[in-house]
Amino acid sequence: MQKCKQLYEGKAKKVFLTEEPDVLIVSYKDDATAFNGQKKGTIVGKGAINNRMTNFLFQKMEEKGVSTHFIQELNDRETAVRRVEIVPLEVIVRNVAAGSFSKRLGVEEGKELAEPTIEFSYKNDALEDPLINSYFAKALELATSEEIETIKRYAFMVNDILKAEFLKAGLRLIDFKIEFGRYHGKIILADEISPDTCRLWDVESGDKMDKDRFRRDLGNVEEAYIEVARRLGLEI
Ligand code: TMP
Ligand code: ASP
């Protein structure tokens, strides 16, 4: 599989066309941003970790019946994926109050929720990804009712699978963000699942093992990413 022209460069990944019209190559960067790109930095080794981790977790998803864009890992940073049309929604599932949920609703970080929640943000950097609901998504034609139902069902399946995988690694899944794409009319899981897009707390100590270490200047950012990868049994 050969990289052709660069199609797109995002905050954490580059995307390349290939000679196959239905196949793209994603290349994971070490660049890190937070607060809609206002805070910028580098997390050394992050690209390779997020690539390996996403591929490992996406293969788990496939085994459990969630279709994904994953095709083949090409090297430590690059993966061949199905070319999808991204649904412009950030889908966030939460098990424990943290981050913007805690801030917006005045709930202490760490409070276990009675049941998992799901929320949608409109993927639009200029508007800073505003929170919307499924009625907005339908009214703005971001997704159809049927697609939203599929997205919700998949998102909760992803939550169950991720919770179990991370628990085996001594990590509590607090919340995460995922994105979906359309592939020949079907909704499939796209983008990534990594410490950039999940909150993961050590089961014993409660230590934060994710991008909040970068967002909140907690130090030992690289070490946390490496530790999560090690605990999942990934070779980095
Ligand atoms: P939040 O509490 O800031 O809304 O974040 C919820 C989850 O979504 C958390 O695991 C971090 C992840 N996330 C992203 O992956 N990308 C983003 O742009 C934001 C704001 C959050
Ligand atoms: N990746 C997002 C950004 O730069 C936000 C985040 O993950 O906190 O804007």
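The values are calculated or read from the model by the stated rules, or taken from the named source; none is laboratory data. Bear in mind the structure is a predicted one, so any value in this text is a computation, not a measurement. Methodologically, a virtual Cβ is constructed for each residue, glycine included, from the backbone with ideal geometry; neighbour enumeration extends over all protein chains shown. The accessibility values were calculated without ligands, DNA or RNA, using every heavy atom of the protein model including side chains. Shrake-Rupley method; radii C 1.70, N 1.55, O 1.52, S 1.80 Å.
Could you tell me whether any residue of region 160-176 is within 16 Å of ligand 2 (Cβ to nearest atom) and of a type in the set (D, E, K, R)? Yes, because at least one residue in region 160-176 is within 16 Å of ligand 2 (Cβ to nearest atom) and of a type in the set (D, E, K, R).
Among the small types (G, A, S) and in contact with a Ser or Thr (Cβ under 7 Å, 6 or more places away or on another chain) - does that describe any residue in region 154-166? Don't jump to the end; show me each part of the working.
Going residue by residue through region 154-166, those that are among the small types (G, A, S) are 155, 164.
Adding the requirement that they be in contact with a Ser or Thr (Cβ under 7 Å, 6 or more places away or on another chain) leaves none.
No, there is no match, as no residue in region 154-166 is among the small types (G, A, S) and in contact with a Ser or Thr (Cβ under 7 Å, 6 or more places away or on another chain).
The single residue among E165, E204 that is more than 9 Å from ligand 1 (Cβ to nearest atom), acidic (D, E), at pLDDT 95 or above and open to solvent by 40 Å² or more (accessible area, probe 1.4 Å) turns out to be E204.
Looking at region 1-75, the strands (runs of 3 or more DSSP E) lying wholly inside it that each contain 1 or more residues that are open to solvent by 60 Å² or more (accessible area, probe 1.4 Å) sit at 6-9, 13-17, 31-34, 39-42, 70-73. Of all residue pairs spaced 6 or more apart or on separate chains, those with beta-carbon atoms under 8 Å, a first member in region 201-226 that is within 19 Å of K163 (Cα to Cα) and of a type in the set (D, E, K, R) and a second member that is part of a loop (DSSP other than H, G, I, E, B) and open to solvent by 40 Å² or more (accessible area, probe 1.4 Å) are K208/R216; K208/L218; D212/L218. Among residues of region 83-109 being open to solvent by 30 Å² or more (accessible area, probe 1.4 Å) and more than 29 Å from T144 (Cα to Cα), the one that is nearest to ligand 1 (Cβ to nearest atom) is K103.
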